[in-house]
Amino acid sequence: MPGPIPGLIIVGIIVVFVVISIAKTMQIVPQRHAFIIERLGKYSKTLEAGMHILIPFIDKVAYKHTLKEQAVDVPPQMCITKDNISVEVDGILYMQVMDAKNASYGINDYSFASTQLAQTTMRSVIGKLDLDKTFEERETINGAIVAAVDAASDPWGVKVTRYEVKNITPPQSIKDAMEKQMRAEREKRAVIAESEGDRQSQINEAEGARAAAIARSEGEKLKRINEADGRAAEIRAVAMATAEGITAIAKSINAEGGSDAVNLRIAEQYITEFGNLAKENNTMIIPTNLSDVAGVVATAKEVISKMGK
């Protein structure tokens, strides 16, 4: 009876050996990955996505790489700006393995090397900028780091796609000074805005006063023109009425009995005006020919005759 037991053990060992051999022989590579195969310690080939058959105990998977774009965190570090201010800067480096063979044999750890190179380049770039410029020139910093790391990582089979600065943190004292400066700038802008408002208000008031003065002068001008036109019309009307009256008088004088009517009117007017003169003055000079009304009438009639001619 003890005979079959050693046989079963041997069969079990053979089965385990076959299973391990099959496991070593068949290799499945996931999508967007690459496996580096070494045969007897030497590079043999690069396996892409899919199932592959290897030689057991001769071929082995030495390196496994992902071909996806990777985001590598660049740890914070202290950098000194051009104006000797220490700032803490960190960022994110984006890279992608383009050649799995070079990524395996070109450098020991391409991720660590890329982050170290990014940090040294960052210190160099920030050292050329003033503190205020470091917040404004993020694109310049990112571009310089990408160019430097990408050029250095080309022999490693790695492509650096982009770099982004996450935080630029100055010391607390610098933060306080910057806050005071920003507060002063805001107050300055507020004062300037207020003064500009006052200036514009005064300009508007001056323009309004000027427009009002022009409007008043135009109104006064139109008023005077209208008044002058009214006086001219009045003068023309009075002149025409006077002319018509004189014409009518002249016709009446030349008519039958006109001369007698004129003599009578002159005599009446002479007596009326002389009586009014006696009422208004305490002292009165009486002409010697007061009773010679006929002479006065004759004189007035002679003047009217000459004017008619």
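Laboratory data are not the source of any read-out in this text; all were calculated from the coordinates shown. Remember, predicted model here, so these are calculated numbers, not experimental data. Because the Cβ atoms are built from the backbone with ideal geometry, glycine has one as well, and the counts that use them run over all protein chains shown.
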(message) Need one number: nm distance between label points at residue 112 and residue 234, each 7 Å from Cα along Cα→Cβ, rounded to one decimal.
(response) 11.4 nm
(request) Compute the projected area of the convex hull of the Cα atoms of the range 183-251, averaged over all viewing directions, and report it in nm² to one decimal place. (result) 3.8 nm²
(request) Grab the Cα-Cα distance for residue 187 and residue 53, subtract it from 0.36 nm times how many residues apart they are, and report the gain in nm with one decimal. (result) 40.8 nm
(request) Would you grab the residues whose amide H sits under 5 Å from the one on residue 62? Only those 5+ places off in sequence or on another chain, please, with H modelled 1.01 Å from N. (result) 36, 37, 38
(message) Could you tell me how far the Cα centroid of the range 144-214 sits from the Cα centroid of the range 216-252, in Å?
(response) 74 Å
(message) Give me the dipole magnitude in Debye, nearest 20, for the range 4-66 about the Cα centre, with unit charges on the beta carbon: positive for Lys and Arg, negative for Asp and Glu.
(response) 160 debye
(message) Explain nothing, just compute: Karplus ³J(HN,Hα) = 6.51 cos²θ - 1.76 cosθ + 1.60, θ = phi - 60°, for every residue of the range 71-83 in order, whole Hz, x for Gly and Pro.
(response) 9, 10, 6, 8, x, x, 8, 8, 10, 10, 6, 5, 8
(request) Convert each backbone phi in the range 54-65 into a coupling constant with the Karplus relation 6.51 cos²θ - 1.76 cosθ + 1.60 (shift: θ = phi - 60°), then list the ³J(HN,Hα) values in order as whole Hz, x for Gly and Pro. (result) 10, 8, x, 6, 10, 8, 8, 7, 8, 9, 10, 10
(request) Could you pull out every residue, at least 5 positions away or on a different chain, whose amide H is within less than 5 Å of the one on residue 91? Hs are placed 1.01 Å off N in the peptide plane, and Pro or chain starts have none. (result) 74, 166
(request) Please list, in chain and number order, the residues 5+ apart from residue 98 or on another chain whose amide H is under 5 Å from its amide H, with Hs placed from the backbone. (result) 158, 159
